[in-house]
1. Heads up, I need the accessible area for TYR136: 1.4 angstrom probe, whole protein in place, Å², nearest 10.
2. Largest first, how would ASP191, ASP99, ASP154 line up by accessible area (1.4 Å probe)?
3. Can you compute the label reach from MET119? Point 7 Å from Cα along the Cβ direction, backbone N cut-off under 20 Å, restricted to region 80-94.
4. In this model, which of LYS126/LYS184; LYS126/LYS157; LYS126/LYS150 are farther than 26 Å apart at the alpha-carbon?
5. Can you sort ARG47, ARG142, ARG193 by solvent-accessible area, 1.4 Å probe, largest first?
6. How big is region 128-192 by the Kirkwood estimate over distinct Cα pairs, in Å?
7. Sorted by average packing, counted as other Cβ atoms within 10 angstrom per residue and highest first, what order do 127-133, 179-185 take?
8. In nanometres, what is the gap between the two model label sites at ASP154 and GLU183, each 7 Å from Cα along Cα-to-Cβ?
Amino acid sequence: MGDKKKAPDPIPKVPDPPAKQATPPAGAPTTRAGAPEKAQAPAAPIRPLDLTLTPPSMLTPPSGASPGFTLPPANKDPIDWFGMRQPFLTHGLPMTAQDGDQLASNFHYSLRLLQNWGMPSDLAIKVANLGLSFAYDNQLGRESPNTLEKFDADTEKMLGPGKTLGKLVVPVITPDTLGWAVEKVTGKKIDFRF
């Protein structure tokens, strides 16, 4: 470095960074005395993101289901598993294999009951799917309420005795219920399954 003296600057400078310490802080990695420091390896290059789309058939099942539970093929099972799973999803609960077995048992019991009352098979399947989904939604709402259900309960407590909130029941919309509603309104039969 040169022996030149600098003239004072009229503009204040940003302070220089602190000088290196003679000894490293406690716990810091050290090198042996007299050994040359190894140069750090260059950082690995950043790879670009793979933004290709994966076809639905290659996707893994959602993590909400337990490992032992698999859905049966849609064309052979009359149970609307999408509609049955919705109450579990809206309440943040996983649908386990035991839940699936219990749902199947309740569905077949309800289906036989409706058929014994004289309801045609197609209509009995739709009513059993819709009714069972609604029943599970109500039961899970009592056991594990979501934010909206907690808000309703707190609001009803604040209203005082004898006053309740007016509630509108909205069923779970599934491909079967949507197709049924469109058929009743327009007269056209449309299949919403994909």
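The values are calculated or read from the model by the stated rules, or taken from the named source; none is laboratory data. Fair warning: this is a prediction, and the values are worked out from it, not measured in the lab. All Cβ positions, even for glycine, are placed from backbone atoms using ideal geometry, and neighbour counts span all protein chains on display. Areas reflect the complete protein model, heavy atoms only, side chains present, ligands, DNA and RNA absent. Shrake-Rupley method; radii C 1.70, N 1.55, O 1.52, S 1.80 Å.
1. Ignoring ligands and nucleic acids, TYR136 comes out at about 40 Å².
2. Ranked list, largest accessible area first: ASP191, ASP154, ASP99.
3. Within reach of a label on MET119: 80-87.
4. Checking Cα-Cα distances, LYS126/LYS157; LYS126/LYS150 exceed 26 Å.
5. From most exposed to least exposed: ARG47, ARG142, ARG193.
6. Values: mean 1/r = 0.0698 Å⁻¹.
Value: 14.3 Å, from the Cα pair sum.
7. Details: 127-133: 19.9, 179-185: 12.4.
Per-residue mean Cβ counts within 10 Å order the peptides as 127-133, 179-185.
8. 4.3 nm
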